[in-house]
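A.B. asks: Pasting in a structure now, in structure tokens, and then I'll have a few things to ask.
The values are calculated or read from the model by the stated rules, or taken from the named source; none is laboratory data. In this text the structure is predicted, and so the values were computed from the model without any measurement. Glycine also receives a Cβ, built like all others from the backbone with ideal geometry; neighbour counts cover every protein chain displayed.
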Amino acid sequence: MKTHAMRGAGVLATLGFAVLLGLSCSASAQDKGKHHDLYNYQGADREQRLLEGARKEGTVVVYTSLNLKDSVPITDAFEKKYGIKVSLWRAGSEKVLHRTVTEARAGRFSPDVIETNGPEMEALYREKLLSEFHSPAFKDIPAVTFPPHRQYVADRFNFFVLGYNTNLVKAEDVPKSYEDLLNPRWHGKIGIESGDSDWFAAVTKAMGEREGLAYFRKLAATQPQMRTGHTLMAELLSAGELPIAATVYNHNVERLNKKGAPVKWVPLGPTFGRPNAIGVAKHAPHPHAALLFTDFMLSREGQELIKERNRVPASLAVETSLNKFPYKMIDPVIVLDESQKWEQLWAQLFHKGQAPKKADD
């Protein structure tokens, strides 16, 4: 998966400049789509109605950016439970967006469910290819993960946290705040992922843009080590090549910790996450199966499977330390509409004005 630092240009190219200027997408009655009533049905017979309809439809088509080693066990479990075939198409998030939009503009509506990164889901909402829906699992999903229009919801996260090597950093010396990273003892020793301009933008905005930019100028002056790839960052911590890293994904650190590596993580406030989200297609060929599969992904059972794949589930019904702290979601607007601004500032501060390398994770 490409980093968000380079994603803005790709999304702009996919959708066209006019759409991303924020054209109004408020849904009128005719915009809601023919499946709106089904997608929002909350009657006592809802589950039976979905199951009967889905079995008649026989299949559900899912477009996802979740890699096959993680997505296939989940779809296998769904097929085993309901006897409904899953036709899975997996690609990077930009390709998921591009294929969905291209097919729709040609009058072909293939996917029933789309599951990919938050900015791409927001772009599909702007293209009016998603639909508002209800799921009983919503009661366990934090409100912060729902966009105002409620046409998709996070089903898994990538959280930016501070990681550290326990052999190199004493517990009492672990930074407790972003300000602590400016301590002279960390000069030249902080790892930062080279493409995390969306994290930079989110933290800067949270601090107040003027104060945030002043902070990041000071952080850049500490000469952090810029590395490409969040998985690599965690591995460098484990190997002792970095004592601390400011933008690792906590699930990568946790996975290594469980294998005995001398690494731990702590959230720094404000902690931001990149949401990966799921939604139902407005023109789904198999609407009952679409909603049934989405229910499954968001249910405790589906979220436990996400946890088993060393991912961070969105549901609070699943017991894990990986989502038990205050957090905010990175606003998709940063990636879709403001990417040029933030990528340029990021490059100036941390890459001597050059575009950063892309990562695959």
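A.B. asks: With the checklist (1) outside any loop (DSSP other than H, G, I, E, B); (2) at pLDDT below 95; (3) not charged (D, E, K, R) in hand, flag the one item Gly33 doesn't pass.
C.D. replies: (1)
A.B. asks: Which of (1) of a type in the set (A, V, I, L, M, F, W, C); (2) buried (at least 18 other Cβ atoms within 10 Å of the Cβ); (3) free of Cβ contacts under 8 Å to residues at least 60 places away in the same chain; (4) not in a helix (DSSP H, G or I) does Val96 not meet, given it meets every other one?
C.D. replies: Just one mismatch for Val96, condition (4).
A.B. asks: Let me ask something additional. Could you grab the pairs with beta carbons closer than 6 Å, sequence gap of 6+ or different chains, first residue in the stretch 164-185 and surrounded by 15 or more Cβ atoms within 10 Å (Cβ to Cβ), second one hydrophobic (A, V, I, L, M, F, W, C) and part of a helix (DSSP H, G or I)?
C.D. replies: Close Cβ pairs (under 6 Å, with a partner that is hydrophobic (A, V, I, L, M, F, W, C) and part of a helix (DSSP H, G or I)) amount to Asn165/Leu237; Pro175/Leu181.
A.B. asks: Has the stretch 106-117 got at least one residue that is assigned to a helix (DSSP H, G or I) and in the same structural domain as Glu304 (by TED's automatic domain parsing)?
C.D. replies: No, the conditions are met nowhere in the stretch 106-117.
A.B. asks: Write out, first by first residue and then by second, each pair whose Cβ atoms fall under 7 Å of each other, whose residues are 6+ apart or on separate chains, and whose first residue, in the stretch 37-55, is among the small types (Gly, Ala, Ser) while the second is part of a helix (DSSP H, G or I).
C.D. replies: Gly53/His288; Ala54/Tyr82; Ala54/His288; Ala54/Ala289; Ala54/Leu292
A.B. asks: Kindly check whether there is at least one residue in the stretch 288-301 that is at positive phi, surrounded by fewer than 17 Cβ atoms within 10 Å (Cβ to Cβ) and either out of contact with any Phe, Trp or Tyr (no Cβ under 8 Å at 6 or more places or on another chain) or in a loop (DSSP other than H, G, I, E, B) (or both).
C.D. replies: Among the residues of the stretch 288-301, not one is at positive phi, surrounded by fewer than 17 Cβ atoms within 10 Å (Cβ to Cβ) and either out of contact with any Phe, Trp or Tyr (no Cβ under 8 Å at 6 or more places or on another chain) or in a loop (DSSP other than H, G, I, E, B) (or both), which makes the answer no.
A.B. asks: Can you tell me which of Ala284, Ala317 is farther than 28 Å from Glu94 by Cβ, touching a residue at least 24 places away in the same chain (Cβ under 8 Å) and part of a loop (DSSP other than H, G, I, E, B)?
C.D. replies: Ala317
A.B. asks: Residues to consider are Thr222, Thr247; find the one that is in contact with a helix residue (DSSP H, G or I) (Cβ under 7 Å, 6 or more places away or on another chain), closer than 19 Å to Tyr178 by Cα and surrounded by 22 or more Cβ atoms within 10 Å (Cβ to Cβ).
C.D. replies: Thr247
A.B. asks: All but one of (1) surrounded by fewer than 19 Cβ atoms within 10 Å (Cβ to Cβ); (2) farther than 29 Å from Ser321 by Cβ; (3) at pLDDT 95 or above; (4) under 19 Å from the mean Cα position of the chain (by Cα) hold for Pro148, so report the exception by its number.
C.D. replies: (3)
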